[in-house]
Amino acid sequence: MELWSQTYGSETEAETANSLVETSDGGYAMAGGAIAIGLSYDFWLVKTDRNGSIQWNQSFGGTEMNAEIAQSLVEAADGGYTIAGGTHSFGAGSYDCWLVKTDANGNTQWNKTYGGQEWDEANSLVETSDGGYAMAGRTESFGAGSSDFWVIRTDSNGNIIWEKTYGGTMYETANSLVETTDGGYAITGSTTSFGAGNFDFWLIKTEANGKMQWNQTYGGTEPDYAHSLVETSDGGYAIAGRTESFGAGKDDFWLIKTDKFGNMEWNQTYGGTESDRADSLVVASDGGYTLAGNTYSFGAGSYDFWLVKTDGLGNIEWNQTYGGAGDERANSLVKTSDGGYGLAGYTLSHGNGNMDFLVIKTDNNGIIPEFPSWIILPMFLITTVVIVFCKKKVWRRPL
């Protein structure tokens, strides 16, 4: 079993990884954002071998400041890659959903934008069972409120088959989507229109055509944000995020298990007296759950990667922190084919720039080598999409 940690970045740029996948050749691919100081943020796609050694990298974007951020990545059925996020440089509005399809070497095959005149973005992407794509995020251009859940279903070339909005008169943002075993979709994120607090977990189940079947909210009187969703083997769902309503600290990891209709079966919080946030969730090989995110309560620095393993009822079996004196934030978690885990995010403690991709490969107990290796990349990155037009906007990270 390969165990390693690596940083990826240049000495003059800032990079953050938002999505990690294990590839069919046993290596890894990661996507996020990269910015040259004084220049623009671009999608950044990095491919490595099974030991984390870089094989190639590609960037995609225009020249707008804080312009393009990749949020979700899948390896496509044809061996290429598909990336979803948002763009200032292209499309119809101030910020649009952007979908980029590449070949196996990261060369662009096609790209599509989706959106209206306002802020629209994709936070989660899946390749569907028929070879198309489904994306979930939020829209300010369409829907009933200031921001609504937004789901777009496309064919294999990114052409829209259908799109739906879900929400009330206030603010909703979708952060995670799965295609369910019945051919429909489940989407989670946060809502201020419904529920008990000013932000609550919101879970929606739809048919294959996007028609809502049911929805459930979970939360207390304080803000609670859902970030990651999985369908479980019993047909139910597990949701991970952070809660300010419950737990021991300012905010804590929050894990909720539901039945197939979204009725809560149990929930658990994990954290200390400070801020702890779960961003990614997988079902473990033994039927338990593994959560990755960030902790200010534990570890070596201000924020550190935090990996928590539970049994099937959410009771902690073990946990590990990873980091140095500066900030480390884990945004993506994958269960690897050898039984271990891969985590991706960013580091301010290690690496070459002011912020670098950090990827950690662990065994099944979260064990890794002590120190990350550093990979220095050139200051320039390959841009493969031509500039269409420019707009000045400020990047806003999704809740």
If only one of 76, 84 is touching a Ser or Thr at 6+ places or on another chain (Cβ under 9 Å) and buried (at least 23 other Cβ atoms within 10 Å of the Cβ), which one is it? 84
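Please go through region 147-171 and give me each residue that is farther than 21 Å from residue 113 by Cα and of a type outside the set (Val, Ile, Thr), ordered by number.
Here is the first cut: in region 147-171, the residues farther than 21 Å from residue 113 by Cα are 167-171.
Passing the criteria: 167, 168, 170, 171.
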Total residues in region 114-132, condition crowded, with 19+ Cβ neighbours inside 10 Å and over 15 Å from residue 174 (Cβ atoms): 0
Among (1) within 22 Å of residue 22 (Cβ to Cβ); (2) assigned to a strand (DSSP E or B); (3) not acidic (Asp, Glu), the one test that residue 112 misses: (1)
Looking only at region 259-292, how many residues end up being surrounded by fewer than 23 Cβ atoms within 10 Å (Cβ to Cβ) and more than 18 Å from the chain's Cα centre (by Cα)? 20
Taking the condition of being crowded, with 22+ Cβ neighbours inside 10 Å and modelled with pLDDT under 95, how many residues in region 28-39 meet it? 3
Looking only at region 318-348, and only at residues there that are free of Cβ contacts under 8 Å to residues at least 60 places away in the same chain and touching an Asp or Glu at 6+ places or on another chain (Cβ under 6 Å), the one that is surrounded by the most Cβ atoms within 10 Å (Cβ to Cβ): 328
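Does region 62-97 hold any residues that are of a type in the set (A, V, I, L, M), at pLDDT 95 or above and in a strand (DSSP E or B), and which are they? Before the answer, list the steps.
Of all residues in region 62-97, those of a type in the set (A, V, I, L, M) come to 65, 67, 69-70, 73-74, 76-77, 83-84, 92.
Remaining after also requiring at pLDDT 95 or above: 70, 73-74, 76-77, 83-84.
Matches in region 62-97: 70, 73, 74, 83, 84.
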Examine region 122-142 for a residue that is in contact with a Ser or Thr (Cβ under 6 Å, 6 or more places away or on another chain), over 22 Å from residue 186 (Cα atoms) and part of a strand (DSSP E or B), and state whether such a residue exists. no
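Can we say residue 239 is over 28 Å from residue 92 (Cα atoms), in contact with a Ser or Thr (Cβ under 6 Å, 6 or more places away or on another chain) and modelled with pLDDT of 95 or more?
yes
Does residue 243 fit the bill of being of a type outside the set (D, E, K, R) and under 23 Å from residue 203 (Cβ atoms)?
Values: of a type outside the set (D, E, K, R): yes; under 23 Å from residue 203 (Cβ atoms): yes.
Answer is yes for this residue.
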Does region 306-313 contain any residue that is surrounded by fewer than 24 Cβ atoms within 10 Å (Cβ to Cβ) and touching a residue at least 60 places away in the same chain (Cβ under 8 Å)? no
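Kindly establish whether residue 375 is modelled with pLDDT under 95 and not in a loop (DSSP other than H, G, I, E, B).
Working: modelled with pLDDT under 95: yes; not in a loop (DSSP other than H, G, I, E, B): yes.
So residue 375 passes the test.
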For region 2-27, which positions are among the charged types (D, E, K, R), outside any strand (DSSP E or B), touching a residue at least 60 places away in the same chain (Cβ under 8 Å) and closer than 27 Å to residue 77 by Cα? 2
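Can we say residue 295 is surrounded by 19 or more Cβ atoms within 10 Å (Cβ to Cβ) and either free of Cβ contacts under 8 Å to residues at least 40 places away in the same chain or not small (Gly, Ala, Ser) (or both)?
Details: surrounded by 19 or more Cβ atoms within 10 Å (Cβ to Cβ): yes; either free of Cβ contacts under 8 Å to residues at least 40 places away in the same chain or not small (Gly, Ala, Ser) (or both): yes.
For residue 295, the condition - surrounded by 19 or more Cβ atoms within 10 Å (Cβ to Cβ) and either free of Cβ contacts under 8 Å to residues at least 40 places away in the same chain or not small (Gly, Ala, Ser) (or both) - is met.
Can you name the residue in region 207-222 that is in a strand (DSSP E or B) and touching a residue at least 40 places away in the same chain (Cβ under 8 Å) and is also surrounded by the fewest Cβ atoms within 10 Å (Cβ to Cβ) among such residues?
Of region 207-222, the ones in a strand (DSSP E or B) are 212-218.
With touching a residue at least 40 places away in the same chain (Cβ under 8 Å) added as a condition, the list becomes 212, 214-216, 218.
Working: 212: 14, 214: 12, 215: 16, 216: 21, 218: 24.
For region 207-222, the residue satisfying everything is 214.
Specify which of the listed residues (245, 285) is in contact (Cβ under 8 Å) with a residue 60 or more places away in the chain and in a loop (DSSP other than H, G, I, E, B).
It is 285.
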Qualifying position, being among the aromatic types (Phe, Trp, Tyr) and within 20 Å of residue 333 (Cβ to Cβ), among 194, 201: 201
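The values are calculated or read from the model by the stated rules, or taken from the named source; none is laboratory data. Keep in mind the model is a prediction, meaning the values are calculated, not measured. Note that each Cβ is placed from the backbone with ideal geometry, even for glycine, and that neighbours are counted across all protein chains shown.
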